[in-house]
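Heads up: the structure comes next, in structure tokens.
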Amino acid sequence: MNLFGMQLDLFGNNSDAPAEPAKPNVPSSVSRNGLVHFKYNTQLKKSIRCKGGVMFGHPEVILPAYMKDAEFAEARELAAEWAEHAVRKKTAKNKAAIKDLVSRFWTLVEQILADRGEESLSSKGRLPPIKPQGKYHNLNDVLAAINSTYFEDKLTCRITWSNRVGGLSFHSVRKDPVTGEEFHLISISKGYDAANCPEYAVAGVVYHECLHIAIPVEVKNGRRVVHGRNFRARERQYIYYDEWIKWHNQVLPLNIRKMRRHAEL
Ligand SMILES: [Zn+2]
């Protein structure tokens with residue numbers, strides 16, 4: 001036991017650490033070095049964004065509104081550091097730094113929320129609702145047929161109609177908020193859930209997205225090859241390939257235009 005400890009004990013302080021000095025008032029609009037500006041968005045919960053070249057080449061970071069509180073000052077500093085890297089050229093070294101910063105940032109945010117006694121972000125679950133039953137087509141049925149015909153029933157994934165209005169179908173990897181397990185999620189454009197859309201066209205786009213699971217993205221000379229030669233060859237094995245592509249090019253754009261006008265499909 002040291003003297004200081006004894007002294008502290010004498011003053012009735014249980015801890016060896018001196019009382020924390022009052023924190024200087026940190027503005028929530030800018031990083032400590034004054035170079036990175038922070039903006040807040042109430043729509044954001046589990047993501048942060050950055051825009052390059054706002055303040056003499058320094059980025060601006062858009063944070064979820066709850067991070068405006070003083071407790072998040074250290075997290076904001078990490079976000080600022082992350083943004084400075086994120087707007088730079090994506091070299092391998094820079095990418096590693098970005099990944100590290102982003103993971104440290106979220107770990108700290110989780111810690112701050114836990115200290116406050118708030119529920120963790122992961123239990124809030126940003127998983128979108130999974131709705132395979134459409135107005136005209138049931139995607140689970142289409143997926144089951146494609147899976148058995150082209151993939152020996154070996155693909156494991158979930159499928160949903162997409163809420164995006166842009167009309168794109170896509171595939172992503174999600175985490176189940178309950179089990180924590182990762183799974184593939186195929187999201188199909190609602191432009192396909194239409195009276196004028198034949199089954200072979202829905203099946204075509206589902207098959208395409210399934211291929212993305214079966215054939216992962218390749219990196220060639222630093223470039224991401226998403227629809228490589230092998231992908232295109234496999235894609236053409238779909239028996240209604242020509243019919244699907246024709247529908248996709250000619251009818252889908254009209255349906256998407258209708259969706260934008262909120263018209264019935
Ligand atoms: Zn694709």
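Odds and ends about this structure:
- Subset tally (residues that are at negative phi, part of a loop (DSSP other than H, G, I, E, B) and touching a helix residue (DSSP H, G or I) at 6+ places or on another chain (Cβ under 8 Å)) for the range 167-189: 3
- Within the range 207-256, the residues that satisfy the criterion of being within 14 Å of the ligand (Cβ to nearest atom), among the acidic types (Asp, Glu) and closer than 21 Å to ALA144 by Cα are GLU209, GLU235.
- Number of positions in the range 226-238 that are exposed (fewer than 14 other Cβ atoms within 10 Å of the Cβ) and hydrophobic (A, V, I, L, M, F, W, C): 2
- Verdict on VAL54 being surrounded by 12 or more Cβ atoms within 10 Å (Cβ to Cβ), assigned to a strand (DSSP E or B), modelled with pLDDT of 85 or more and of a type in the set (A, V, I, L, M): no
- Cross-chain or 6+ apart pairs with Cβ under 7 Å, the range 157-177 first and of a type in the set (Phe, Trp, Tyr), then within 16 Å of the ligand (Cβ to nearest atom): TRP161/ILE188; PHE170/SER187
- Residue in the range 54-69 that is aromatic (Phe, Trp, Tyr) and touching a residue at least 24 places away in the same chain (Cβ under 8 Å) present: no
The values are calculated or read from the model by the stated rules, or taken from the named source; none is laboratory data. A quick note: this is a predicted structure, and the numbers were derived from the prediction, not measured. So basically every Cβ, Gly included, is an ideal-geometry build from the backbone, and we count neighbours across all protein chains shown.
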